[in-house]
1. Only one residue in 84, 31, 62, 49 is touching a Pro at 6+ places or on another chain (Cβ under 8 Å), more than 30 Å from residue 302 (Cα to Cα) and not charged (D, E, K, R), so which one is that?
2. Take the range 280-330 and flag every residue that is more than 16 Å from ligand 2 (Cβ to nearest atom) and either part of a loop (DSSP other than H, G, I, E, B) or among the aromatic types (Phe, Trp, Tyr) (or both).
3. If the Cβ limit is 9 Å and pairs must be 6+ apart or interchain, which residue in the range 186-198 that is touching a residue at least 12 places away in the same chain (Cβ under 8 Å) pairs with which residue that is within 8 Å of ligand 2 (Cβ to nearest atom) and aromatic (Phe, Trp, Tyr)?
4. Can you name the strands (runs of 3 or more DSSP E) wholly within the range 1-62 that have at least 3 residues being in contact with a helix residue (DSSP H, G or I) (Cβ under 8 Å, 6 or more places away or on another chain) and more than 17 Å from residue 240 (Cβ to Cβ)?
5. Testing residue 66 on (1) over 19 Å from residue 19 (Cβ atoms); (2) assigned to a loop (DSSP other than H, G, I, E, B); (3) away from ligand 1 (no atom under 11 Å from the Cβ), one condition comes back false. Which one is that?
6. Let me confirm something: among 50, 71, 75, 45, which residue is over 25 Å from residue 172 (Cβ atoms) and in contact (Cβ under 8 Å) with a residue 12 or more places away in the chain?
7. Can you tell which of 8, 45, 40, 52 is of a type in the set (Val, Ile, Thr) and closer than 17 Å to residue 127 by Cβ?
8. From the residues in the range 229-272 that are among the hydroxyl-bearing types (Ser, Thr, Tyr) and within 14 Å of ligand 2 (Cβ to nearest atom), which one is surrounded by the fewest Cβ atoms within 10 Å (Cβ to Cβ)?
Amino acid sequence: MKKKIALIFGVTGQDGAYLSKFLLKKKYKVYGVKRRSSIINTQRIDDIYIDINSKSNFILCYGDLTDSSSILSLIKKIKPSEIYNLAAQSHVKVSFEVPEYSADVNGLGALRILEAIKNLNFEKKIRFYQAGTSEMFGRTKERFQNEKTPFYPASPYGVSKSFAHWITINYREAYGIFACNGILFNHESPIRGETFVTKKIIQGLMKIKMNKQKKLYLGNLYAKRDWGHAKDYVEAMWKMLQQKNPDDYVIATGKTLTIKEFVNKAAKKIGFKLKWVGKGINEKAINIENNMPIIECHKRYLRPVEVDYLKGNTQKAKKKLNWSPKISIDDLIDEMIQHEL
Ligand code: NAP
Ligand code: G4F
């Protein structure tokens, strides 16, 4: 059987690393697209990169989602059977500070890939995965969000991803491209970016425990998130592209916690006894052992508008993809703590 070839945009990110490893195990040849950076940033994939002369099934190439010519020439040269678009300016808070750039990469970036597939007449040859997000549901009032829940994005990030979602559907319907949207809820891992809240909390608490840091500053403690493990979620991406027909799927755990509940779980596992005092921006957590405040809130970490509540309904993915999350939030936190150690 002909070897399957995957092209991953965003290979240096959390999901790019997990997906590359998953596909290599499935015997794919994987091409990963990284963008130029002033310092080497391939730490997450260094363990699978061999060297330029070896007959490796993992190959890195340069490209950028803001550069149509690089996208077109990569797809033309590699002729992948599957493309995974995981590249994004993926930080919600940062998207308020660089809104135009976020829209360019996240929104137009997806369009640039779809246009390249169409212009190369590869509509029937390539299957396309678009990394959508629960941030598209944004300020919805629905208590469980599924594929039919209307979008109400609440950040330039969420709006840009909504464009990418609809343009993916548009190219599927207009040109018959096998294109799928994954609507993925928050997923974390030991290699999560350090400015996302789960990693920030665990890294911060571990440093405090080891006397390497005094305090951890957070923003809104009361937003609720449905957190899963990235390893489970990349399998769902792949499953979407193996179906008979292209479709869109919500991927989540169906459970939700506040940031404060996450802090309490992690703190207990690390061996802290916390007492919460104060309200709003003055709320803080005191370490009962020495009566010192170790967590405080800071307005720098608040967003102009917040997504208060996310909880996904994955009935469709369960039924059609036979997918369910395997790793619990407790196991996820344990693994993240072990990694910091
Ligand atoms: P991540 O760790 O931030 O990785 C993003 C990747 O995109 C990195 O490889 C980054 O490269 C690359 N990138 C950024 N701008 C680019 C550009 N202009 N051209 C080419 N590549 C670019 O994100 P992640 O957590 O792995 O998430 C993967 C995708 O899923 C993203 O699209 C994200 O928006 C989406 N998503 C994530 C979650 C989640 O909870 N993790 C949930 C739903 C959807 P550098 O390493 O050079 O920065
Ligand atoms: O960890 P976060 O930054 O993730 P957020 O905003 O939910 O976005 C992540 O998940 C999305 C899927 O729903 C992805 F599409 C997106 O790419 C990204 O991976 O923040 C989670 C919550 C927010 O409510 C935020 O306000 O934590 C709250 N929070 C409180 N203190 C904080 C902090 N977030 C960050 N990053 N840093 C804080 O100090």
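1. 31
2. 288, 289, 290, 291, 322, 323, 324, 326, 327, 328
3. Between residues of the range 186-198 that are touching a residue at least 12 places away in the same chain (Cβ under 8 Å) and residues that are within 8 Å of ligand 2 (Cβ to nearest atom) and aromatic (Phe, Trp, Tyr), the close pairs are 186/196; 188/196; 197/301.
4. Because the criterion is at least 3 residues that are in contact with a helix residue (DSSP H, G or I) (Cβ under 8 Å, 6 or more places away or on another chain) and more than 17 Å from residue 240 (Cβ to Cβ), the strands (runs of 3 or more DSSP E) in the range 1-62 that meet it are 29-34, 58-62.
5. So residue 66 meets the others, but not (3).
6. 45
7. On the way: 45 fails: closer than 17 Å to residue 127 by Cβ; 40 fails: closer than 17 Å to residue 127 by Cβ; 52 fails: closer than 17 Å to residue 127 by Cβ.
Step by step, each of 8, 45, 40, 52 is checked, and only 8 is of a type in the set (Val, Ile, Thr) and closer than 17 Å to residue 127 by Cβ.
8. Initially, the range 229-272 is screened for residues among the hydroxyl-bearing types (Ser, Thr, Tyr), giving 233, 249, 253, 256, 258.
Cutting the leftovers down to within 14 Å of ligand 2 (Cβ to nearest atom) gives us 233, 253, 256, 258.
Numbers: 233: 27, 253: 24, 256: 20, 258: 16.
Looking at the filtered set, the residue picked out is 258.
Every read-out reported here was derived from the displayed coordinates using simple, explicitly stated rules and does not represent laboratory data. Source: prediction; values computed, not measured. Don't worry about glycine lacking a Cβ; one is built from the backbone with ideal geometry, like all the others, and counts go over all protein chains shown.
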